[in-house]
Every structure is written in C-alpha cells, then in structure tokens.
C-alpha cells in the first residue's frame, strides 16, 4: 500500500476539561487526492488535523499512514512523510531567522549543508519569500509569517501535505500563488479552510465536519449544491456559486 494513503478509523478525542471534539470519525484518503475538511468554527477541524502527524494523541481509534499505524515508535517516520502547517504561523516559527526556521527540519534529517541550503532556497522561492531569508520572524507581517511557515513544511519534501487554513492572512496575490503551488503538488493534500472558493477550485472531494461528526463525504461540487446540508452545518456556498447580488436585485419602478 502506498505510504501516501491516510486512513482514520473510529477516531475520538476528548480534551482534559471534558470537551468532546471528535466523535467516531472515519475516512480513507488515497494517493494523489486533494481533500478539504470544512465546517463552522468549533466543528473539530483543527483537532482532527493535529492527529494526522501526532500533535495530538487520540482518546480512541486509529490512524494509519499507508500500512503504518501512528504510534510513539513510528512518529518520527510519519512526521517525515506528513508535513503539517498550523493555522497560526507563530506556532511554527521559533528560530532567530527565517533561514534557521526553514532549515530546522532538513537539518534534523541529517542532510549536508549544501542540501540544506538548496532546500531552504527552493522552499522560500516557491512561496515568494526569498528576500526574507535573513529576517527575524517576529519582524514579519502576518502574511509573511504564513508564507515562511509554508516554506518550513515544503523544505521537508513531504509526501502528504496537511494544512490548517493555508490562505488565512494572505493577500490576494499570495493566495493565488499558494493555490498554484498546491495545484502543482501531485501527492496527497488535506486541508481545512473557510476559503470555500479555494476548496471548490482545488479539491475534488470534501468532508463536512459538524460538532465532531462527519456529516458528509462526497464530491465537492455535490456538497456545495446541497443547500439544506450547508445550512444545517452553518455553511454557505462559495461566493463564485452565489452569483452577483446586484444582478439579483429587482429594478425599482
């Protein structure tokens, strides 16, 4: 079985304060799929993603990457396979300079200095952040931090991309740049987003999470045509499917 496959079986997560975030969630994502996990705030999306590379430990259920169950012993290998972008880039940037942050992962892979330099340069170029290389992360804008955080993931050359709200905080140009980048990544992609137009454009499959439960798992276009389902889950159609509000207005007489 391909190591690009992600399988979640009967996943459950309860936080220490008793909050139930995930309830019996199961799905299987195959090699090359681009899958969005959407839902209203508090649906459990970020909690779910943080299980896919071991940032959170399940209360119950299993996660497999290919044939490998996620466990403490397999965690180092799985984290080399699954690249994780957090919603808040400040959770990902902690080194003195941008270069140090992007080099941190490759350095821990034991790569040579030459290979690390190349990976850092390539990753920063991909997100249009090469000019930020020597800056301290705390001097960056929110959008710049997001781009650098994405570069830290790309520098690891992951087989599976897991991204929590990847376009959040990006200006329109950087958003389009990221979408083009994701379109060119032909391995498995899993991300959450409130940017439903991006979901419609990039994902052939969408999973709706609502109050910790999967409410739907279907082709994206089918999901967005189901207005009753969207309303029940506190969602709306992407703007591109809503039409022009001015055109819908009744002319005054």
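The values are calculated or read from the model by the stated rules, or taken from the named source; none is laboratory data. Given the structure is predicted, the values throughout are model-derived calculations rather than measurements. Cβ coordinates were reconstructed from backbone atoms using ideal geometry, including for glycine residues, and neighbour counts include every protein chain displayed.
Quick notes on this one:
- Number of residues in the range 7-58 that are under 16 Å from residue 211 (Cα atoms) and touching a helix residue (DSSP H, G or I) at 6+ places or on another chain (Cβ under 9 Å) equals 9.
- Restricting the range 18-41 to residues that are without any contact (Cβ under 8 Å) to a residue 60 or more places away in the chain and part of a loop (DSSP other than H, G, I, E, B), the residue that is surrounded by the most Cβ atoms within 10 Å (Cβ to Cβ): 19
- Verdict on residue 81 being at pLDDT 95 or above, crowded, with 17+ Cβ neighbours inside 10 Å, within 18 Å of the chain's Cα centre (by Cα) and under 29 Å from residue 123 (Cα atoms): no
- Residue check for residue 137: touching a residue at least 12 places away in the same chain (Cβ under 8 Å), under 24 Å from residue 46 (Cα atoms) and touching a strand residue (DSSP E or B) at 6+ places or on another chain (Cβ under 7 Å): no
- Residue count, the range 58-74 (criterion: surrounded by 13 or more Cβ atoms within 10 Å (Cβ to Cβ) and either in contact (Cβ under 8 Å) with a residue 60 or more places away in the chain or not in a strand (DSSP E or B) (or both)): 7
- Among the criteria (1) modelled with pLDDT under 95; (2) under 22 Å from residue 167 (Cβ atoms); (3) more than 19 Å from the chain's Cα centre (by Cα), the one residue 74 does not fulfil is (2).
- Residues of the range 140-191 satisfying the condition of being in contact with a helix residue (DSSP H, G or I) (Cβ under 9 Å, 6 or more places away or on another chain), more than 22 Å from residue 119 (Cα to Cα) and surrounded by fewer than 16 Cβ atoms within 10 Å (Cβ to Cβ): 142, 171
- Residue in the range 92-103 that is crowded, with 16+ Cβ neighbours inside 10 Å, closer than 21 Å to residue 49 by Cβ, in contact with a strand residue (DSSP E or B) (Cβ under 9 Å, 6 or more places away or on another chain) and without any contact (Cβ under 8 Å) to a residue 60 or more places away in the chain present: no
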